[in-house]
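Everything below concerns the one structure shown next.
Please treat every number below as a calculation from the coordinates, not as lab data. Keep in mind that what you see is a predicted model, and the values were worked out from it rather than measured. Neighbour counts run over all protein chains shown; Cβ positions are idealised from the backbone, glycine included.
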Amino acid sequence: MTTSMLLSFNPPIVKRLLGWKKAEGEDKWSEKAVKSLVKKLKKSAGLEELEKAITTQSCNTKCITIPRYDNSDYN
């Protein structure tokens, strides 16, 4: 499955973050990792800060903390 095929089934934030992926291959793993990260960060302002840090590529952005997983992440 190509990256373009994966992008067609994802929310806009996931598409934007996957657009910054550097390495080729492992598209399915990348998609799953980004979706998990988005799920964890959308409950706080972390998701907006992550996108800002990635798009500006500046050290002047806030730190982003990723909450530990809980069992509901895997159900």
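Across segment 18-29, coupling constants 3J(HN,Hα) worked out from phi with the 6.51/-1.76/1.60 Karplus curve, θ = phi - 60°, read 5, x, 8, 4, 8, 7, 8, x, 6, 4, 5, 5 Hz, and Gly and Pro carry x.
Longer than 23 Å from Cα to Cα, which of Lys28/Lys62; Lys42/Lys62; Lys22/Lys52 are they? Say none if no pair is. Going by Cα-Cα distance, Lys28/Lys62 fall outside the 23 Å limit. Taken along the Cα-to-beta-carbon direction at a fixed 7 Å, the label points for Thr61 and Lys32 span 2.5 nm. Karplus-derived 3J(HN,Hα) values for segment 50-59, using 6.51 cos²θ - 1.76 cosθ + 1.60 with θ = phi - 60°, are 4, 4, 5, 5, 6, 6, 8, 6, 10, 7 Hz; glycine and proline are entered as x.
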